[in-house]
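The structure appears right after this line, and notes come after that.
The values are calculated or read from the model by the stated rules, or taken from the named source; none is laboratory data. What you are looking at is a predicted structure, and each value in this text was computed from that prediction instead of being measured. Neighbour counts are summed over all protein chains in view; Cβ atoms, including those assigned to glycine, are modelled from backbone coordinates with ideal geometry. When the accessible area is computed, the model is the full protein with side chains, heavy atoms only, and any ligands, DNA or RNA have been set aside. Shrake-Rupley method; radii C 1.70, N 1.55, O 1.52, S 1.80 Å.
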Amino acid sequence: MKDMEFHPLPSTGDVFKEQTRTMGLALRPLGIGVAIFLVANGAFVLYRSLVDPATPAPLPTDALAWMSFVGMGLPLFLGRGSVTPFRPGLPWTLPVGRARHALIRVAAAWIWLMVGVGALLVWYVGVHLMAGSAMREPMLYLVAPFSNPRPAEPGSLPTVLWSFPWWIWLVPFLATTALYCWTSALFLATRHPGRWLMGTLLGMFLLALFANRTNFIHLFDWVDPALMGLLEGRFGFFTLTAGGAVPAAWVDLPAGGRMPMFVGMPTFGRWLVASGLWISMGIGLMCLAALRHRDGSGAWSGR
Amino acid sequence: MKLSLDTEDGRPIYVQIVDEVRRGLARGTLGPDDPLPSVRELASNLRINPRTVMQAYAELEREGVVYVQRGKGTFVSPHVRPNETERPRLAREVARRALRDARRSGLELDELLDALKKLGRDSGPDGKDGGAE
Amino acid sequence: MKTSPMAPTLPVNLGEGPFALSADNVVKRYGSVTALDGLDLKVPFGAVYVLVGPNGAGKTTLLRVLMNLERSSDGQAAVLGIDARQDGPRVRAQIGYVPEEHSLGYPWMKVGRLLDLCSAYHPTWDPEITARLAAELEINPARRCGQLSKGTVRRVQLLLALAHRPPVLLLDEPTDGLDHVARDRMLEFLAEYLVDTPTTALISTHRVYEIERLVDHVGVIREGRLLGQMPLEELRRGLRRYSADIPEGWEPEEWEMEGMVALRPGLGRSIECTVWGEEERVVADFAVAGANVRESAPLSVDEAATTLLSTREVS
């Protein structure tokens, strides 16, 4: 049998190209829906600006932080389909290892995710610019240190004049990617990811309720700084999704008025490292989850 | 070749094919150097395993009834003499079946021969039954 | 017969090999259920092997183990010498597979697009045979996979299996859901395909009569184990139906003969007896018992399988 000519396996590149096409087709209905929404929204904004040509609002850059949740939404949308490594299906009878195939499909959908985010951004900026918005003028911000994110005397904090940097437009791409990787890992790891998500949220809610009612502050005291660190820390969730450029709080000044306060200066380097950490952890979790679907593993036998 | 396989028949399929070729030669519908259907065509038409067709053609080639030309197909041998070889072989096959049937019914050879003679006399050359007995 | 006759010892040895498909003592358990119980199956190169057995006998499980869609609990399965467990993707690249289920994976996708998709995974995809088969099987590339009838899905599955000219075909109930015309057409294509491409085929079914004429090897499976496997000629030689006259005062129910698998009373003092064994020996055994064999005939594969599967397991 050694002199037999075996049929060759497809290259990873070919499989990736084909899956990108397939994902594009699968996402077309979603894309059309989003496009319709964008057009409607854009028309509304333009109409408002024509009817009421008051001082144009600055570009609402805060919304950029919310864009990243699209990264969570994509696996949810795709997960409703019939092709999943947990169930038998035609794609798994093809000559590609099941775990590898599942990861390639995730990567192929990611391409379209980036296209979607790019389109969203371009449209969003374009519409608002046409409506007359401009980048916000530099503003004064208080800067609190990481070691003491909620100082008693905010008035004595240093201030800085800061405007949105060029790299703020890159944030949605990497933030979406990170959230996409983590959510995809969940969808690869469990048969019922929705249940796990609901379960975690419910658990967190119950925990908060329990701690609140029973005044069991010991538990909460331990959890609280860890949680805050994860969210507000140097490479935390807010750094990932907003570049750290969304103020942590608005402080009432003793002399009157309010001023926004950063926890730590938002810098390009800090944001890049944060994104790198979250994305690489997400990819690591994805690969680990994919191991469950190694060829010939029991992930779906027993129907 | 129009051939319907008899599924009730105890003979292997390749034997049925061989017999059909013999029948063609005996009746004169197949002559020397005439082409037989390709293995592909016959296997496809009859929905049978191609090896079965090859087995039949190999048997016929062994007997000298057909020859195989590489790349062209299988042809009836130019030296075939239906009257001398195929007709007797066919007759033998028919007789074998009749005899088997007779034995199954518990009849003796003489009884079968009597019936055959009578039937052959009563019916015409076209083979139609001369009348019920 | 008061109780079913005992299953005879049927041959399972097909020689030394090498074999195109082989399963060595394959065991597959799902929790407490044993689907495959030490299965030894061998398919020689170029054979068209039919695996017959009742529903739940383990036919589908075996094919899935060969495709590396399931991992065997024990034993080894190999396709063209490649271990199915170790090198799943490579094994699947050599196989044209029609699964038991009628599903094409992407209900929203158009058939034409699905063909393009699968062609990207198989460098040996033949566009010419694809076009011809699609036309002759009457497959409309513009329809969506989810809208197709069971029979049409089967035809598309067959097309997907044949289009890349694989050296091995694993067909699980290939005619399931097809009407008479479509079934007939499928057999026609399979016959042609066997000529055009050097192929080894393993067809699993509980309805043999449809594909009998394509088959040259038979394996009978029951409860995860092979009752026997052999070339078709050996089955025709070994398992025959004997019509015999029996003497007066003879009670067939009390009679036991080596290799007998079925007994039916005939008209008057005659019986029809299906026996496994060498014809000479069987006729002699009949004579010794006082019965006179009038005729012996081979059975169709379908009848043979049905008869063998009606026997009792040897405890």
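For the stretch C:260-287, a residue qualifies if it is touching a strand residue (DSSP E or B) at 6+ places or on another chain (Cβ under 7 Å), open to solvent by 20 Å² or more (accessible area, probe 1.4 Å) and away from chain B (no Cβ under 14 Å), and the qualifying residues are C:Ala262, C:Leu263, C:Arg264, C:Pro265, C:Trp276.
For the stretch C:171-189, the criterion of a residue being under 19 Å from C:Phe45 (Cα atoms), outside any strand (DSSP E or B) and either away from every other protein chain (no Cβ under 13 Å) or open to solvent by less than 40 Å² (accessible area, probe 1.4 Å) (or both) is satisfied by no position.
Taking the stretch C:83-98 as the range and being more than 13 Å from C:Pro167 (Cα to Cα) and more than 7 Å from every other protein chain (Cβ to nearest Cβ) as the test, the residues that pass are C:Asp83, C:Ala84, C:Gln86, C:Asp87, C:Val98.
Kindly check whether there is at least one residue in the stretch B:83-100 that is within 14 Å of another protein chain (Cβ to nearest Cβ), within 30 Å of C:His217 (Cα to Cα) and open to solvent by less than 40 Å² (accessible area, probe 1.4 Å).
Checked the stretch B:83-100: no residue is within 14 Å of another protein chain (Cβ to nearest Cβ), within 30 Å of C:His217 (Cα to Cα) and open to solvent by less than 40 Å² (accessible area, probe 1.4 Å).
Does any residue of the stretch C:72-81 turn out to be under 29 Å from A:Met23 (Cβ atoms) and assigned to a loop (DSSP other than H, G, I, E, B)?
no
None of A:Arg87, A:Arg98, A:Arg21 is open to solvent by less than 20 Å² (accessible area, probe 1.4 Å) and basic (Lys, Arg) except A:Arg98.
Scanning the stretch B:64-82 for residues that are assigned to a loop (DSSP other than H, G, I, E, B) and among the small types (Gly, Ala, Ser), which turns out least open to solvent (accessible area, probe 1.4 Å)?
B:Ser77
Answer with yes or no whether A:Gly73 is open to solvent by less than 60 Å² (accessible area, probe 1.4 Å), within 24 Å of the chain's Cα centre (by Cα) and modelled with pLDDT under 90. The answer is yes for A:Gly73. When the test is whether a residue is of a type outside the set (Gly, Ala, Ser), assigned by TED's automatic domain parsing to the domain that holds C:Met67 and either at pLDDT 90 or above or outside any strand (DSSP E or B) (or both), C:Val220 passes it. Screening the candidates B:Glu61, B:Glu41 for the property of being within 14 Å of another protein chain (Cβ to nearest Cβ), open to solvent by 50 Å² or more (accessible area, probe 1.4 Å) and not in a strand (DSSP E or B) yields one hit, B:Glu41. Summed over the stretch C:73-82, residues that are more than 9 Å from chain A (Cβ to nearest Cβ) and either of a type outside the set (A, V, I, L, M, F, W, C) or closer than 11 Å to C:Asp24 by Cβ (or both) total 6. For the stretch B:15-35, the criterion of being outside the structural domain of B:Ala91 (by TED's automatic domain parsing) and closer than 22 Å to C:Pro198 by Cα is met by no residue. For the stretch C:31-63, filtering for residues that are surrounded by fewer than 24 Cβ atoms within 10 Å (Cβ to Cβ) and basic (Lys, Arg) leaves 1.
Restricting attention to the stretch C:288-308 and to residues that are more than 14 Å from chain B (Cβ to nearest Cβ) and not hydrophobic (A, V, I, L, M, F, W, C), the residue that is surrounded by the fewest Cβ atoms within 10 Å (Cβ to Cβ) turns out to be C:Gly290.
For the stretch C:240-292, the set of residues classified as in a helix (DSSP H, G or I) and under 31 Å from the mean Cα position of the chain (by Cα) consists of C:Glu279, C:Glu280, C:Arg281, C:Val282, C:Val283, listed by residue number.
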